[in-house]
Amino acid sequence: MVKRNKAKWKNKFIHLSPPQILAVGFFCLIVIGGILLKLPMATNQSISWVDAFFTATSAATVTGLGVVDTGTTFTAFGQVIIMLLIQAGGLGFMTLAILIVMVLGKRIGLRQRLLIGEALNQTNIGGLLVLVKRVLYFSLCIEAIGVAFLSIRWIPEFGFVKGLHYSVFHVVAAYNNAGFALWPDNLTRYVGDPIVNLGICSLIITGGIGFTVLIDIWYSRTFSKLSLHSKIMIVGTIILTILSIVTIFVLEYTNPKTLGALNSIEKFWASFFQGITPRTAGFNTIDYGSMREPTLLVTMVLMFIGAGSVSTGGGIKLTTFVILLFSVFAFFKRKEELVLFKRTIKIATVTRALAIAVASQLLIFIVVFLLMITENFTFMQLLFETISAFGTVGLSMGITAGLSAIGKCIIMFVMFCGLIGPLTLVFSLARPDKERIRYPSEDVFTG
């Protein structure tokens, strides 16, 4: 009887689609993380189950929203658990699982390759194992360089053991675009520190631009030989980063609660940092609760756009935003095809980008509506928190700890959706329905 039940569950799992397996896998990762963080040895003071699972969800989804202070609430063991959850969520648990299988010398079948393709957002399953190896190799090398760089600042300040621990923790969090910090004020004490600003921001950019882009840059060496995806990500990242830095500098220059109280050098570093961190990172060196509403609006747009595909970041992805933006321009110019860098974008790609954007907006609308019923905060605060959770950013206007148990569960669901993507969630719940009958076409008036 026991064997029959095991076989039954095994058959059910085998027949799950790749999106369903990914969703279930991340859910199990969160559950295990929540249980470990609830252990007495993981905390210096007792926390509720809701707070334990919220922290695990925030770490596994590489978000960074916190209901408790990470540095004082969790012990070294608890902080290591959070760090491992961040690493697993950023690189993808499927990537780590496949690495273990390869180390053990096991064969990687077609189904496992399809899972890797789903996890890394790849349509071609050829060369996926090589890609996994390169992703892990590049990630570990970048994180090692980051630890060495930040150790220059923190080992002299805290001593070797504590300084190394702080360096490793923040490097893992920054590269995987999770805004967890071991200080109650995040990184505001280092607002004018060039080493911390350059180190953290460099890790955010390299982690958020996408693994495939980093690999493409390494092997192509010249811009002309890069893939279309890499070209869009590089140019889009540069333009969007410069625009966001300049915008924040101008809007907050005279705000006495943010940039206004800083000297000229600190104003530059603060604008530089806040222009980069909304791209799903979640660290901050100034108080977002004190920012002006126009700046908050710009930040929410940046959080919604997010980082790149096959990266440690969330959001609808920069490539999705670029495709939608230029599709509108192409329509206004009455062009029949969308062309970028002398390459034609498939209609299916444009349709997918539109579906991602619309599904994401609907999710945010529903969540904000529910939070307005359950929570006693302003519309701006709830919208900011929701978009931050969806984009797996981790920035907050200071309301996370004040959310009710229902509000925390809602935000946990949004972070989960932000990690796996709204389309992956829909695909995991819906069954493909192929039309066997074709109907005549007819125009519908729009606009």
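A few remarks follow.
- Here the translational diffusion coefficient of the range 250-364 follows from Stokes-Einstein with Rh set to the Kirkwood radius across Cα pairs; for 25 °C and 0.890 mPa s it amounts to 152 µm²/s.
- Trypsin sites (Lys or Arg not before Pro) within the range 153-215, DSSP loop, no more than 13 other Cβ atoms inside 10 Å: none
- Going by accessible surface with a 1.4 Å probe and the largest first, 224, 58 read 224, 58.
- Taking trypsin sites (Lys or Arg not before Pro) across the range 258-351, the ones in a DSSP loop with at most 12 further Cβ atoms lying within 10 angstrom of their Cβ are 333, 334, 335, 342, 346.
- Loop-resident sites, the range 196-236, for chymotrypsin sites (Phe, Trp or Tyr not before Pro), counting at most 10 other Cβ within 10 Å (DSSP): none
- Taking all protein chains as they are arranged and a probe of 1.4 Å, the heavy atoms of residue 154 leave approximately 0 Å² accessible to solvent.
- Tally of Lys pairs whose C-alpha atoms are under 19 Å apart, taken over the range 264-390, 8 or more apart or cross-chain: 4
- Net +/- balance of residues flanking residue 202 in space, Cβ distance below 15 Å, scoring K and R +1, D and E -1: 0
- Amide H partners (placed H, <5 Å) of residue 338, local residues excluded: 345
- Table column - 3J(HN,Hα) (Hz), the range 236-243, Karplus curve with 6.51, -1.76, 1.60, x for Gly and Pro: x, 5, 4, 5, 5, 5, 4, 4
- Table column - 3J(HN,Hα) (Hz), the range 252-266, Karplus curve with 6.51, -1.76, 1.60, x for Gly and Pro: 9, 4, 9, 6, x, 8, 10, 7, x, 8, 9, 7, 4, 5, 5
- Solvent-accessible surface (1.4 angstrom probe) belonging to residue 41, in square angstrom, nearest 10: 110
- In terms of accessible area, using a 1.4 Å probe and ignoring ligands and nucleic acids, 417, 141 rank largest first as 141, 417.
- Residue 74 long-range amide H proximity, modeled H, under 5 Å: 44
- Per-residue surface analysis assigns residue 285 an accessible area of about 10 Å², computed on protein heavy atoms at 1.4 Å probe radius.
- Ranking of 287, 69 by solvent-accessible surface, largest first: 287, 69 (1.4 Å probe, protein heavy atoms only, all chains present).
- Rounded to whole Hz, the Karplus (6.51, -1.76, 1.60) HN-Hα couplings of the range 157-163, x for glycine and proline: 7, 10, x, 5, 5, 5, x
- The range 361-402 and the range 228-249: distance between their alpha carbon centers, rounded to Å: 26
- Think of a 1.4 Å ball rolled over the protein heavy atoms: the range 278-357 then has 49 Å² of accessible area per residue.
The values are calculated or read from the model by the stated rules, or taken from the named source; none is laboratory data. A quick note: this is a predicted structure, and the numbers were derived from the prediction, not measured. We place every Cβ from the backbone using ideal geometry, glycine too, and count neighbours over all the protein chains shown. These area figures cover heavy atoms from the full protein model, side chains too; ligands, DNA and RNA do not enter into them. Shrake-Rupley method; radii C 1.70, N 1.55, O 1.52, S 1.80 Å.
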